[in-house]
Amino acid sequence: MDFSELEGIEGLRWSWHSWPISKPEVASLVVPLSIMCTPLTPFSELPILPYEPVNCSQCAAVLNPYSRVDYVSKIWGCSFCYRKNPFPRSYAHINENNIPAELFPTYSTVEYHLGTGPASGLASGLVRSPSGLSGLRSNSSSFSNMSAYSGSGSGLDWAGVGVTVGPAFVFVVDGCSSPEELEALKRELLHTITRLPENALVGLVVFDAMVKVYDLGFTECLKVVVFMASVSFSLNRYNMFKDIEFTIEMLVE
């Protein structure tokens, strides 16, 4: 599978297909490391794994299909920092024919159902063949299919796990753009907003000589919190503005 096919499946486009592993390599990058994400990408079969992810002890990256695995020594190599990590005890019985779902080659994008613990959920995530993967979703019936993001306006149904708030989107706009570009961007933003779920949380930040955070939930008048770029603020000062409301209705208006 080439990179363009992966982009179409995952909704992610990377500025580089290989990551630097040293500071000199990072310093030599002409284009910085970045990811362009399409948050409304519909997933027809998004695997949901009912256990905790396994993280690298050095960089905290997650075990994935690109990791190098030594099934005899029960050690996996991080594909980001190349650190060798031992598998947790719950992975003691894995082998080439009995692998955890996160190592399956086509599972480059997965979600984890946190809270069940690695020992209790891993057994149901182990697979012996591709045909055994189809049963994974039945372990996470409280999650709806990610394709609900595709513009239906319903968002995800999180009622099964006690969460009622919809997904959150923050739009960051460069106010130094030309009037023509800003007008085109405005039209694109309004078009995007019409495709968001009705219960979505939406934030708007505009930056030029100053940073402006709009309180979209304040309906009596236009309310904006302005931060001067030349002034440094402590975390406590930022906490003073934690009650800013983010709603979708005000942005549409």
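The values are calculated or read from the model by the stated rules, or taken from the named source; none is laboratory data. Remember, predicted model here, so these are calculated numbers, not experimental data. Positions of Cβ are backbone-derived with ideal geometry, glycine not excepted, and every protein chain shown enters the neighbour counts.
Considering every residue within segment 102-110, establish whether at least one is over 26 Å from Asp2 (Cβ atoms) and either of a type outside the set (Lys, Arg) or loosely packed, with under 13 Cβ neighbours inside 10 Å (or both). Checking segment 102-110: not a single residue is over 26 Å from Asp2 (Cβ atoms) and either of a type outside the set (Lys, Arg) or loosely packed, with under 13 Cβ neighbours inside 10 Å (or both). Residues that are within 23 Å of the chain's Cα centre (by Cα) and either acidic (Asp, Glu) or outside the structural domain of Gly175 (by TED's automatic domain parsing) (or both) within segment 193-215 comprise just one, Glu198. Meeting the requirement of 1 or more residues that are free of Cβ contacts under 8 Å to residues at least 60 places away in the same chain, touching a helix residue (DSSP H, G or I) at 6+ places or on another chain (Cβ under 8 Å) and under 30 Å from Ile193 (Cα atoms), the strands (runs of 3 or more DSSP E) wholly within segment 1-108 are 12-14. Here segment 60-95 is the region considered, the condition is being touching a Phe, Trp or Tyr at 6+ places or on another chain (Cβ under 7 Å) and at pLDDT below 90, and the residue that is nearest to Glu25 (Cα to Cα) is Phe80. Only a single criterion out of (1) surrounded by 12 or more Cβ atoms within 10 Å (Cβ to Cβ); (2) in contact with a strand residue (DSSP E or B) (Cβ under 7 Å, 6 or more places away or on another chain) is not satisfied by Glu10, namely (2).
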